[in-house]
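What follows is calculated from the coordinates using simple rules that are stated; it is not laboratory data. In this text, all values refer to a predicted model and were calculated from it rather than measured experimentally. Cβ sites come from the backbone with ideal geometry, for glycine too, and all protein chains shown count toward neighbours.
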Amino acid sequence: MLYKLEQDNDKISGIEPVEFKDLSSFGKLEKDLENLIADNILDLLFEDAKLMPVFQERSYQAEADIYALNEKGELVIFELKRSSADYSAVQQALRYAENAGQWSYQKLESKFRQYIKDETKSLVDAHKEAFELEHKLEPKEFNQKQHLIIIGSAADESLISSVDYWRKNGLSIEFLPYRIYELAGEKYFEFFAPPYDKHKNPADVKGVLFDTNRTYDENGIWHMLENKRLEAYGDAKRFASHVHEGDIVFFSHKWCGVVAAAKVKSKVYKPDSDTWYRDVEFLTPVPSRQDNLAYMPFAKVSEFLGKSFFWARTIKVPYLTKAEALLLVEELKTYLK
């Protein structure tokens, strides 16, 4: 909830709740909320949760809005309500969970292939790559447990009671509210993610492992390094706006590791409809096309920092604190020599 601070002679005298709205207030559909959540589920809304989307609802089908996998191969099911949610949302989510709980690995893989539009991609391979696992999960290890997440602008008492009841009976279920505020003609989206709504302050300097997008363009890395830029392309171009001036970025090159670190120095530039970039100042030696590419393997990065990352997206979550980033920069300087 957002509150306006009331002041009396420069002293805070009280707080006043600010009216919130939902997407229906602006003529938006539930599908708009679904796409908003799906497009930002990893890098912004669930910074540390590490979820791999595998399927989205199809029109006129009895399906949940979003299905994702966690590192253990367990299915996370999202049911979204653009307005307030009541107990019927729980009943609906339970039906979807009961149905999805019976999916075989083959059916889950088929839905994943449909989602990514690639009929040849193996789900076990994609999952191993996404979570940088040492070994693939066995097909039988997928979908052994389901978790339910209901998202709406607010919850009525019946939903709260229903969620509490099922949680007490051992079901993994959460209600997460979103809210929209309209302030000075601008719209603001507020979202509460577990645990403890842990989001980093955008004003704080952070460290970000940023993909060189080798799959998209084998030479993209050299264009970035030689032009002192951090670039993102195509559908992933929006990720250039998820880092800010002062952030420390680590160039993550697929099948290799981290090849360089730099400090972000500029706003986002958009030279064409397919590319967004920011200027950077390198903090470590810069690789050259003429030399063998030196890099710190991903396993070494994880070992040094004592944390694992979700490697499947352009931005690898979780973010690093400023202190962690600076330590990694110093380690890279030594390692890349």
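Shape call for region 189-307 from the C-alpha gyration tensor, a ≥ b ≥ c root eigenvalues: rounded (a/c under 1.5), prolate (a/b greater than b/c) or oblate?
Oblate.
What ranking, highest mean first, results for peptides 109-119, 317-327, 207-217 when packing means the other Cβ atoms within 10 Å averaged over each residue?
Result, highest mean first: 207-217, 317-327, 109-119.
Checking the cross-link filter: which aspartates and glutamates have an alpha carbon closer than 15 Å to that of Lys237, excluding same-chain neighbours under 8 positions apart?
The reachable aspartates and glutamates, counting only those whose Cα sits under 15 Å from Lys237, are Asp39, Asp43, Asp211, Asp217, Asp272, Asp274, Asp279.
If packing is taken as the average number of other Cβ atoms within 10 Å across a peptide's residues, how do 182-190, 121-129 rank, most packed first?
121-129, 182-190
Quick one, what does Rg over Rh come out to for region 95-138 if you take C-alpha atoms and the Kirkwood Rh?
For region 95-138, the value is 1.02.
Quick one: Karplus J couplings for region 166-177, per residue in order, coefficients 6.51, -1.76, 1.60, θ = phi - 60°, nearest Hz, x for Gly and Pro?
Values, residue by residue: 5, 5, 5, 9, x, 7, 7, 9, 9, 10, 10, x Hz.
Select from region 258-307 those chymotrypsin sites (Phe, Trp or Tyr not before Pro) which occupy a DSSP coil region and have at most 10 other Cβ atoms within 10 Å, ordered by residue number.
Listed in order of number, the matching sites amount to none.
Can you work out ³J(HN,Hα) from phi for every residue in region 264-280, in order, using Karplus 6.51 cos²θ - 1.76 cosθ + 1.60 and θ = phi - 60°, giving whole Hz and x for Gly and Pro?
6, 10, 9, 6, 7, 9, 10, x, 8, 6, 10, 9, 10, 8, 10, 6, 9
Along each principal axis of its Cα atoms, how long is region 91-244 end to end? Whole angstroms, biggest number first, please.
58, 50, 26
Given a cut-off of under 8 Å on Cα pairs at least six residues apart, what relative contact order in percent is computed for the chain?
15
For a quick check, take a GNM of the chain with Cα springs below 10 Å and name the residue from Arg278, Arg82, Arg289 with the largest mean-square fluctuation.
Arg289
Rank by packing, highest mean first: peptides 24-30, 160-166, 245-251, with packing defined as the count of other Cβ atoms within 10 Å averaged across residues.
245-251, 160-166, 24-30
Kindly give the semi-axes, whole Å and largest first, of the ellipsoid equivalent to region 1-120, taking each as the square root of 5 times a Cα gyration tensor eigenvalue.
Computed over region 1-120, the values are 37, 17, 14 Å.
How much length is gained if the chain between Ala299 and Trp222 is pulled fully straight, taking 0.36 nm per residue apart and subtracting their Cα-Cα distance, in nm to one decimal?
25.4 nm
Test of understanding: in a Gaussian network model of the chain with alpha carbons linked when under 10 Å, which of Asp204, Asp235, Asp86 would top the mean-square fluctuation ranking?
The residue that fluctuates most here is Asp235.
Run the quick spin-label model on Ala323 and Ser161: label points 7 Å from Cα toward the beta carbon, then report their separation in nm to one decimal.
4.7
Quick one: Karplus J couplings for region 230-246, per residue in order, coefficients 6.51, -1.76, 1.60, θ = phi - 60°, nearest Hz, x for Gly and Pro?
10, 10, 9, 10, x, 5, 8, 4, 4, 5, 5, 8, 8, 10, 10, 4, x
Pop out the Kirkwood hydrodynamic radius of the chain from its pairwise C-alpha distances, inverse of mean 1/r, in Å to one decimal.
Result for the chain stands at 21.9 Å.
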